[in-house]
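Here's the structure we're looking at; comments come further down.
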Amino acid sequence: MLNLVAIIIFAFVKRLFSSITVLITLSLVGIIIMQVSWLKNLIKLKEDQVKQNIDNVYQNLSDEFGQRREQLIKEASRDYGTLFSPRGFFEPLKAVSIGAKISSSEIEKIINSAFEKAGLGKMKYEYAFFRGC
C-alpha cells in the first residue's frame, strides 16, 4: 500500500514538474516576444524622431536662406534705386541667387549649425543650390 502511494505521489510530482516547466517556457517565450515588440516600436519611434528633426532642419534652413534672399533683394533694390539706373533697365529684375552671394564655406557653416542645433551633428548630407526659371 505504501508503495502504491509513493508511486502515485511520484507520478503527481513528475506531472506537476512537467506542467511547471511548460508554463515557465511559455512565460519566457511571451516575455521575449514582448521585448522584441518593444524594441521594434523603439526603433520606429527613433526613426520617426530623426525624420522629424531632419524636417525641422530643412524648414529652418529654408527660412534662414529665404530671409537672406529677401535681404539681398532689398539691398539690390536699394543699389539700383530707380528704373533708369546707369546699369541698365533690366538689371534690378535679375534673379537674386544666394549661391552667388554667399560663399560655399558660409553655406556649409549655416547647414552644420542647423544640424547641430537639432542634435544631428554627425549626420552626413549633401546640398545644392539651383536657379529657378
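The values are calculated or read from the model by the stated rules, or taken from the named source; none is laboratory data. These figures come from a predicted structure and were not determined experimentally. Don't worry about glycine lacking a Cβ; one is built from the backbone with ideal geometry, like all the others, and counts go over all protein chains shown.
Some notes on this structure:
- Residues satisfying the stated conditions in segment 114-126, i.e. small (Gly, Ala, Ser) and surrounded by 13 or more Cβ atoms within 10 Å (Cβ to Cβ): ALA114, ALA118
- Of residues in segment 29-66 being of a type in the set (Phe, Trp, Tyr) and over 12 Å from LEU120 (Cβ atoms), the one modelled with the highest pLDDT: TRP38
- Any hit, segment 35-51, residues being assigned to a helix (DSSP H, G or I), in contact (Cβ under 8 Å) with a residue 60 or more places away in the chain, under 14 Å from the mean Cα position of the chain (by Cα) and surrounded by 10 or more Cβ atoms within 10 Å (Cβ to Cβ): yes
- The residue of segment 80-123 that is nearest to ASN56 (Cα to Cα), among those that are modelled with pLDDT of 85 or more and in a loop (DSSP other than H, G, I, E, B), is ALA118.
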